[in-house]
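The values are calculated or read from the model by the stated rules, or taken from the named source; none is laboratory data. The structure presented is a predicted model; accordingly, all values stated were derived computationally and were not measured. So basically every Cβ, Gly included, is an ideal-geometry build from the backbone, and we count neighbours across all protein chains shown. Protein only, heavy atoms only, side chains kept; ligands, DNA and RNA dropped before computing areas. Shrake-Rupley method; radii C 1.70, N 1.55, O 1.52, S 1.80 Å.
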Amino acid sequence: MQQLLHRGAAFAQHRPEDSLDASWDDLKSFLACARYKSFRNAADLLGVTSTTLMRRIDRLEERIGCRLFLRDQSGLTISEEGLAMIADLTEMERHAFNIFRCASRASGTSTGTVRVAVTEGPGNFWILPRLIDFQKTYRKITVDLRCAMEQADVGRLETDIAIQFERPTNPDLIAARIGRLHVYPFVSEGYRKLFGVPKTLAELKNHRIIKQNAPQIDDNAYARILGITSLEGVVGIKTNSSIGVLYAVERGAGVGFLPTASVALGAPLIPVDMGVSHHTDLWITYHKEFRNSERHKIVIDWLKKIFDPRAYPCFRDEFIHPSDLVPLMQETRENFGLRGYTATGPG
């Protein structure tokens, strides 16, 4: 750290002891701004206001005596002095994360908090109902469940464990494929009675689509599949929430693409057979430091169990039509008290 800060101080000929007062929060703020090239996006990541973040950068620049960013209307451009600091600060960050991970691992055996990040649909409708029974068994473990479409970075300690759609590339992380999420078009019975269901993609253009706009989802997929340049007049509702899509479909707002696992909830959905389906793999990932943490091992093993394709056919590699899943998943609904459950609440 001394080498890093002395280098920065030399640009403005500050005394080395002045630069050593730079706080780690300010240095982390610089790294976030350098990665996102935006005060607003970096502030969202750090959970602070843009004003607070800019104040930190100003303070850091004053401490080390050089300009770190060039500000213009297109965003932030990192200066040569700032670029010279990136490698050292990234290494400092890695060591800081290792310190916190070791502390977390050593802070108890089967007692404490485990943070789990997952996309909204599987988190709210698959993990959360089972988490209630998990908590009854492991009362000294608190599972902090984050359900969001934004992918949490396990390597940067944004979460302890993540269930995500892509395999991580960070060599410090352990990743295992735990199943496959199949997505299929659905409508409500009310919509079917009023408007019928499309039998082909060409007919889908004459129906209303409920579209989810969110990170990890290809925003151009619908237009590309339908062979059109604009979705105007086709999309009735846009939402960033998978729960919102399920709710809108249940209420008869249009055709929505949902996980086939939705039938395990007892949701009154009618599959739309147009010869179209989609799948994405589910990966569980965590830092290898947590292999020796008892409470993390318990949660990891439990998560693997509740997504096990042998027990839950909706997560098998091969596609199973939603109608064929209904009898297969009947026991699942009864075991977890999900009979009649829909996005609007217990039915």
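With R₀ fixed at 35 Å, the C-beta to C-beta distance from THR49 to HIS279 puts the FRET efficiency at about 0.30. In straight-distance terms, cross-link reach from LYS199 covers every one of the lysines whose alpha-carbon lies under 25 Å from its own, apart from those fewer than eight places away in the same chain; here that gives LYS211, LYS238. Scoring 112-120, 278-286 by mean Cβ neighbours within 10 Å over their residues and listing the highest first yields 112-120, 278-286.
The amide H of LEU145, built 1.01 Å from its N in the peptide plane, has VAL116 as neighbours under 5 Å, considering only residues 5 or more places off or on other chains. Counted by Cβ distance under 11 Å from ARG180, the other residues give a net charge of -1, where Lys and Arg count +1 and Asp and Glu count -1. Net charge in the neighbourhood of THR77 (other residues with Cβ under 14 Å of its Cβ; Lys, Arg +1, Asp, Glu -1) is +1. 3J(HN,Hα) along the range 77-88: 10, 6, 7, 4, 5, x, 4, 5, 8, 4, 4, 5 Hz, from the Karplus curve 6.51 cos²θ - 1.76 cosθ + 1.60 with θ = phi - 60°, whole Hz, x for Gly and Pro.
Can you tell me how much longer the chain between ASP88 and ASP172 gets when fully stretched, taken as 0.36 nm per residue apart minus their C-alpha distance, in nm with one decimal? Full-extension gain reported as 28.4 nm.
Rolling a 1.4 Å probe across the protein heavy atoms gives the range 144-257 an accessible surface of 49 Å² per residue. Taking only protein heavy atoms and a 1.4 Å probe, the accessible area of the range 152-249 is 51% carbon and sulfur. Straight Cα distances below 17 angstrom link LYS304 to the lysines LYS288, with same-chain residues fewer than 8 positions distant left out.
Residue-wise HN-Hα couplings along the range 175-181, as the Karplus relation 6.51 cos²θ - 1.76 cosθ + 1.60 with θ = phi - 60° gives them from phi, are 9, 9, 7, 10, x, 9, 9 Hz; Gly and Pro carry x. Against the criterion of solvent-accessible heavy-atom surface with a 1.4 angstrom probe, PHE125, PHE186, PHE319 sort, most first, into PHE319, PHE125, PHE186.
For VAL255, the amide hydrogen comes within under 5 Å of the amide hydrogens of ARG208, ILE209, ILE210, counting only partners 5 or more places away or on other chains and with H modelled in the peptide plane. Projected label points at ASN240 and GLN135, each 7 Å from Cα along the beta carbon direction, are separated by 2.6 nanometres.
Around the amide H of GLY179, modelled in the peptide plane, lie the amide H atoms of LEU282, all under 5 Å away and 5 or more residues distant in sequence or on another chain.
Computed from phi, the 3J(HN,Hα) profile of the range 240-250 under the Karplus parametrisation 6.51, -1.76, 1.60 (θ = phi - 60°) reads 8, 10, 5, 5, x, 4, 4, 4, 5, 5, 4 Hz, with x in place of Gly and Pro. Which of the three applies to the range 193-275, rounded, prolate or oblate, going by the alpha-carbon gyration tensor with a ≥ b ≥ c and a/c under 1.5 meaning rounded? Because a/c hits 1.5 or more and a/b fails to exceed b/c, the range 193-275 counts as oblate.
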